[in-house]
Amino acid sequence: MSRRVPSWWIALGGALLALSPSSAQAVEPVDVELVLAVDVSLSMSPAELEIQRRGYAAALTHDTVLQAIADGAYGRIAVTYVEWAGTTTQRVVVPWTAISDRADAERVVAGMSARPPGSARRTSISAALEFAGDLFAESGFKGMKRVVDISGDGPNNQGGPVAAVRDRLVGEGITINGLPLMTTGGYASIFDVPDLDRYYSDCVIGGPGAFMVPVNDWPQFPEAVRRKLVMELAGPGSPRRSAEVAAQPPVLLAADGPAVDCLVGEKMWRNRTWMYDDGNR
């Protein structure tokens, strides 16, 4: 006489099978998982948006960046390219893609160039960081480092406080590096702040070895992106990284404690909102 197997035993066996290594989703190891988060708020002119795209494209295919990738333990990284503005505007332009050689990098560049850059209202660095942090959970890669590389031309003026989001991501082991755009071209805005580099140092960047490369003029942009990528990809003690740190303009490290008001953008927006409609920034 056959013995009937209890239904709970069948369910338990199925659960254990689902958790077994053979059924788990394969995760590809890489040296760095890198989110490139690029500001497309309305303060950026169409020409500046194109400069950004071209700058990232040139940097990703530059010989020194490709060599920094090849020098890694695995010889490959994973990259996703995101454009952001206000709290409801974060768009993945290029999904997570592995880069190990020039052909891979050129595929990423082709994806970046498939559609013209968008533009949207307001500036929410905090929402961009939250979005970027969530992307790591769905990357399909396992990086030795996880880095968010964020550029922008103004302070946070919408969404939650940026320093609080920064601290949460850093607590999860994510490093945030910055590219503050302190350029004089494009659309002037009363929401610009002096010393945006100091704001980024005190309020935006953070994590092990966090740094930023200020951009004072648009012709500097492609070289600034290239330097930043090499520093993010090369090992901490490598001569390649040391050479980029020593170059000009100087790289600035994360501040030990806030020296500027990390809510300056929000306060400026509240104090001046009666003068402008919600289409600014």
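The values are calculated or read from the model by the stated rules, or taken from the named source; none is laboratory data. Just so we're clear, the structure is a prediction, and the values are computed from it rather than from any experiment. Using ideal geometry, Cβ is built from the backbone for each residue, glycine included, and neighbour counts are taken over all protein chains shown.
Can you list the strands (runs of 3 or more DSSP E) lying wholly within the range 27-130 that have 1 or more residues being out of contact with any Gly (no Cβ under 9 Å at 6 or more places or on another chain) and among the acidic types (D, E)?
Working: elements: 28-39, 77-84, 90-99.
Filter on the range 27-130 gives an empty set.
Considering the range 184-263, the qualifying helices (runs of 4 or more DSSP H), each wholly inside and each with 1 or more residues that are in contact with a helix residue (DSSP H, G or I) (Cβ under 9 Å, 6 or more places away or on another chain) and at pLDDT below 85, run over 239-246. For A164, the stated conditions hold: it is under 18 Å from L129 (Cα atoms), surrounded by fewer than 14 Cβ atoms within 10 Å (Cβ to Cβ) and at pLDDT 90 or above.
Within the range 214-235, the set of residues being free of Cβ contacts under 8 Å to residues at least 40 places away in the same chain and basic (K, R) comprises R227 only.
Assess whether I69 counts as being more than 30 Å from L263 (Cα to Cα) and surrounded by 14 or more Cβ atoms within 10 Å (Cβ to Cβ). Answer is yes for this residue. Take the conditions (1) modelled with pLDDT of 95 or more; (2) over 12 Å from the mean Cα position of the chain (by Cα); N156 misses just one of them, which is (1).
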